[in-house]
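Sharing a structure with you now.
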């Protein structure tokens with residue numbers, strides 16, 4: 001039986017893990033490769049690197065990080081952040097990434113999803129959606145004469161959450177699937193960093209909209225949150241960053257809890 | 001020397017690095033027919049679309065080389081490298097494969113989430129009365145129900161069921177590993193399956 005996946009995410013900036021300072025027993029707490037090794041030992045099912053290096057001339061740095069990671073860790077690796085062309089995707093895949101996660105560029109140029117999935121296969125094209133509850137409740141939207149489908153409760157944001165894309169998250173997820181995305185990485189901007197649990201309503205809405213796997217992200221604070229999003233939220237995988245970084249909870253603890261509750265976990 | 005066939009499809013570096021980590025002395029990622037012919041063992045990896053893969057193999061003049069060497073020395077197909085061994089695929093309407101084995105590569109039905117992505121178990125076919133696997137070669141010391149990493153939308157449906165070495169349940173049961181003589185191919189990615197994946201690759205490296 002296919003298991004639910006638990007995925008730690010590493011924010012990487014200039015070849016360093018940004019949140020990794022509290023790690024114990026690591027030769028180099030900020031080294032992405034050492035961190036990846038540690039997560040592998042803990043039983044992570046996959047890894048996600050989010051490249052938050054701001055300047056484009058430093059883009060090559062992440063390729064080196066990916067290369068070194070792929071030499072040391074034998075598990076699936078997804079890389080996201082600043083990917084905007086087929087060339088970027090090819091470079092990352094050649095360096096050792098198994099999947100790439102595309103956010104802003106996919107919104108600005110949806111054709112990129114189609115081209116990339118035809119060229120490299122859907123299985124390696126992840127569309128990342130940052131979603132936020134729209135300010136106007138549905139009733140107001142209706143009064144303005146807009147249909148709720150056109151402007152559902154969750155809006156898509158791009159540029160690291162700074163810009164509203166003017167897209168409905170539900171519709172965008174469906175479109176991304178149609179264009180050839182193999183997976184959706186769904187982040188709730190409302191819940192991210194709150195530690196109050198994943199956004200179950202959002203996750204349910206998106207998992208109900210598509211037939212490709214959905215990774216839920218944003219809000220994990222305790223092991224029960226993972227259980228909730230993987231059962232009630234119907235997510236196929238759950239991602240967390242700071243929770244695992246600061247060892248508030250280990251992947252092992254999460255998984256043994258899931259198994260105890262009857263959720264299939266490795 | 002182990003030759004990893006490079007035909008521009010997917011993450012060959014991971015496969016090569018995993019083989020090295022599993023103890024291989026010399027791994028060469030190559031599209032050169034001479035190197036492939038001269039290798040002790042051959043790996044056909046690959047992810048992506050089968051049509052594109054066949055087009056590239058043809059362009060690189062590797063189809064004949066593969067056919068000539070496939071049963072001569074230990075051969076390992078991974079993911080698309082398993083699917084390519086069959087006659088045809090439903091991918092993109094229909095496509096032709098290498099035709100080493102009779103059978104069709106089919107798409108998972110719509111009721112299932114596609115791609116089949118993540119960790120799933122394999123059921124090893126050859127078992128003794130106690131449910132222990134009787135595998136020697138490449139599946140040696142791989143316990144029944146071991147987890148491996150999968151990532152695919154199509155699966156092979158061989159005509160000759162005797163070549164099926166292991167099956168996996170994803171709402172339907174499909175052949176997740178096949179074998180014939182010195183040929184072994186798996187739908188999962190041993191190079192991405194942590195310890196058990198490396199053990200399988202070590203078994204391959206140690207094959208005589």
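The values are calculated or read from the model by the stated rules, or taken from the named source; none is laboratory data. Quick caveat, the model's predicted, so the values are computed rather than measured. For neighbour counting, all protein chains shown are included, and Cβ atoms are generated from backbone atoms with ideal geometry for every residue, glycine included.
Name the single residue, out of those in segment B:2-30 being more than 24 Å from residue A:123 (Cα to Cα) and out of contact with any helix residue (DSSP H, G or I) (no Cβ under 7 Å at 6 or more places or on another chain), that is nearest to the other protein chains (Cβ to nearest Cβ).
B:20
Where residues in segment A:97-111 are more than 14 Å from chain B (Cβ to nearest Cβ) and touching a strand residue (DSSP E or B) at 6+ places or on another chain (Cβ under 7 Å), which of them is farthest from residue A:77 (Cα to Cα)?
A:107
If only one of B:103, B:118, B:77 is more than 17 Å from residue B:177 (Cβ to Cβ), assigned to a strand (DSSP E or B) and within 17 Å of the chain's Cα centre (by Cα), which one is it?
The unique qualifying residue is B:118.
Within segment A:75-96, can you find the residues that are modelled with pLDDT under 95 and within 8 Å of chain B (Cβ to nearest Cβ)?
A:93, A:94, A:95, A:96 - these are the residues of segment A:75-96 that are modelled with pLDDT under 95 and within 8 Å of chain B (Cβ to nearest Cβ).
I need the strands (runs of 3 or more DSSP E) fully contained in segment B:136-208, keeping only those with at least 2 residues that are over 21 Å from residue A:77 (Cβ atoms) and within 14 Å of chain A (Cβ to nearest Cβ).
B:154-158, B:164-169, B:173-180
Here are some residues: A:151, A:124. Which one is on the phi < 0 side of the Ramachandran plot, modelled with pLDDT under 85 and surrounded by 13 or more Cβ atoms within 10 Å (Cβ to Cβ)?
A:151
Then there's this: If residue B:33 meets every condition in (1) touching a helix residue (DSSP H, G or I) at 6+ places or on another chain (Cβ under 7 Å); (2) more than 14 Å from chain A (Cβ to nearest Cβ); (3) within 20 Å of residue B:105 (Cα to Cα) apart from one, which number is that one?
All conditions pass for residue B:33, except number (3).
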